[in-house]
Amino acid sequence: MPYQTIQDLPEALRTHLPVSAQEIFRRAYNGAWDSYVEGGGLRPANRSRQDVAHKAAWLEVRRKFLSKDGHLARRSSGQQSAPT
């Protein structure tokens, strides 16, 4: 189910992600949720809508942030994310 605000995100995300990454996660999750309709759409048949939205959200966070010394730091415009 979509997240209305970052306060609706799971506590573990709110604790470990910077606020900007939380907002990126929320928007990406909600976008994927809307795109991958249960029983149809582009979602793989063996994955739940929630699983696909969660994976898409994490991919977006990793695309915009990199882990440095155990903390997330926003990537500069020239930094590429590692292929997954």
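General remarks:
- Scan of the stretch 18-39 for residues that are surrounded by 19 or more Cβ atoms within 10 Å (Cβ to Cβ) and in a loop (DSSP other than H, G, I, E, B), ordered by number: 36
- Beta carbons closer than 6 Å, at least 6 apart along the sequence or on distinct chains, pair a first residue in the stretch 56-84 that is surrounded by 15 or more Cβ atoms within 10 Å (Cβ to Cβ) with a second that is at pLDDT below 85 and not in a strand (DSSP E or B) for 62/81; 63/81.
Okay, residues lined up against (1) modelled with pLDDT of 95 or more; (2) of a type in the set (A, V, I, L, M, F, W, C):
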{"position": "27", "(1), (2)": "yes, no"}
{"position": "35", "(1), (2)": "no, no"}
{"position": "50", "(1), (2)": "no, no"}
{"position": "53", "(1), (2)": "no, yes"}
{"position": "66", "(1), (2)": "no, yes"}
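The values are calculated or read from the model by the stated rules, or taken from the named source; none is laboratory data. In this text, all values refer to a predicted model and were calculated from it rather than measured experimentally. Heads up, the Cβs are rebuilt from the backbone with ideal geometry, glycines too, and the neighbour counts pull from every protein chain shown.
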